[in-house]
2 protein chains.
Amino acid sequence: MIFSSALIENAVNEFARLPGVGKKTALRLVLHLLKQDTAQVELFSETVARMRRQIKFCKHCHNVSDDETCSICANPARHTNVVCVVESIRDVIAIENTQQFNGVYHVLGGIISPIDGIGPEQLNIHSLVERVQQQGVEEVIMALSPTIEGDTTIYYLSKKLKEWPVKITTIARGIAFGGELEYADEMTLARSLTNRLPLENYLQQGSR
Amino acid sequence: MIFSSALIENAVNEFARLPGVGKKTALRLVLHLLKQDTAQVELFSETVARMRRQIKFCKHCHNVSDDETCSICANPARHTNVVCVVESIRDVIAIENTQQFNGVYHVLGGIISPIDGIGPEQLNIHSLVERVQQQGVEEVIMALSPTIEGDTTIYYLSKKLKEWPVKITTIARGIAFGGELEYADEMTLARSLTNRLPLENYLQQGSR
């Protein structure tokens, strides 16, 4: 793409580095910002830079945080004896948005994936074992993706934790709400049969 | 969406103000930037802010510019006697990318649209008339969108310019390359028939 302004060209190139943003979209965003007040664009720019500069990772759960301890770990209303193990920050946000979980998290920072060169030592596993060991954790919920890597990680963690008297659970696999039975893969369908629930439970929880 | 960090939340909200960027996409962009080096994010942020802060509009053609005069108007190889009138900066970039135009531009900053409250006085029309009057412009090419508003603007400009010995042309309307005849609207099809070309011309210009 040919631009008659280096200022525009540089800004477009910076936006185009973002995932899923091509040159055309980048140009649209830049031309939009060009129409905004300078103060508004400075605010955008400063907010993004400040986020990266000041963000911390919670020393307990490795979640993103504004302080040493994240707002979830610091919340006295959360049950610290129930720890939900997730792959990434994104999963914390997803689960928080359900407003159904009242415990705390542990962000692994990835899952075991030999093909990508990610072994247990690259993940926040040691600190999870420490938490279980020292802080009276009663239940560890494995909320990992239902993939081979996710299952491998769950298996590895459960072996690491088996010395301590902690209950280990995983989130339910099954047919998603609104999902059509015939399009579900065999594995999911099989597990949802194996882990079938008494109808009373289902009716109690209600549908959406 | 619930975030456990105000830094993240603010950055997501800023991205979500951009056109076509929802909360989910904004979060994806923010989490991507979180994984980048601080220096890289500062560069992104500074490039965007500098663009808005330092951008100028060319005093001749109103195109975006790094200086008083844009790089197109300042280029001695461009023919200043052929002026291409466009609605916006975006159109300048589109035409420049064809690499087929060797004249200069005049950016109106919009088109006449009574429904949106845009009349001739809101557009850069006075400076166009001045250029034609004072700078020996020989041809004005109207490269406006083929809409009612575009045609209204062309009609208005042609009346404004009719006192001066300047040739006024419009870009060709017709069936787009790769366009299916049966899906073309009647107006376009009609015009492409009226303005039909001798086959020799067509073959000379080649297809893409």
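The numbers here are math on the coordinates, done by the rules we state, and not lab data. Model, not experiment: these values are computed from the prediction. Heads up, the Cβs are rebuilt from the backbone with ideal geometry, glycines too, and the neighbour counts pull from every protein chain shown.
Remarks
- Normalised contact order of chain B, rounded percent, pairs of Cα under 8 Å and 6 or more residues apart: 12 percent
- Taking a ≥ b ≥ c as the square roots of the eigenvalues of the Cα gyration tensor, the stretch B:6-54 is classed as oblate, since a/c reaches at least 1.5 and a/b does not exceed b/c.
- Rounded to the nearest 20 debye, dipole of chain B from Cβ charges on Lys, Arg, Asp, Glu: 220 debye
- In order along the stretch B:179-192, the phi-based Karplus estimate (6.51 cos²θ - 1.76 cosθ + 1.60, θ = phi - 60°) of 3J(HN,Hα) comes to x, 8, 4, 5, 9, 6, 6, 4, 4, 4, 4, 4, 5, 6 Hz; Gly and Pro are listed as x.
- A label point on A:Gln135, set 7 Å along the Cα-to-Cβ line, lies at 6.8 nm from each of its counterparts in the other copies, closest listed first.
- Spin-label pair B:Glu182/A:Ile175, simplified geometry with 7 Å Cα→Cβ offset, distance in nm: 4.0 nm
- Per-residue mean of foreign Cβ neighbours for B:28-40 is 4 (Cβ atoms of other chains, 10 Å radius).
- Across all directions, the average flat footprint of the convex hull enclosing the Cα atoms of the protein assembly as shown is 29.7 nm².
- Inter-chain neighbour count for B:14-22: the average number of beta-carbon atoms from partner chains within 10 Å of each residue's beta-carbon is 5.
- In plain terms, the residue of A:Asp185, A:Asp151, A:Asp116 with the fewest other Cβ atoms within 10 Å comes first and the most crowded comes last, giving A:Asp185, A:Asp116, A:Asp151.
- Per-copy distances of the A:Arg17 label point, shortest first, in nm (7 angstrom along Cα→Cβ): 2.2
- Point-charge dipole on Cβ atoms (K/R +1, D/E -1) for the stretch A:6-54, about Cα centre, debye to 20: 240 debye
- Beta carbon of chain A nearest to the axis of the rotation taking A to B, residue and angstrom distance: A:Ser45, 2
- Ranked B:His106, A:His32, criterion: other C-beta atoms within 10 Å, fewest first: A:His32, B:His106
- Order of B:Met51, A:Met142 under a 10 Å beta carbon neighbour criterion, fewest first: A:Met142, B:Met51
- Averaged over the residues of B:142-151, the number of partner chain Cβ atoms lying within 10 Å of the residue Cβ comes to 0.
- Phi-derived couplings, Karplus 6.51 cos²θ - 1.76 cosθ + 1.60 at θ = phi - 60°, listed residue by residue for the stretch A:72-79: 6, 5, 7, 7, x, 7, 7, 7 Hz, with x used for Gly and Pro.
- Take B:Ser71, push a point 7 Å out from Cα through the beta-carbon direction, and compare it with the same point in every other copy: 4.4 nm, smallest first.
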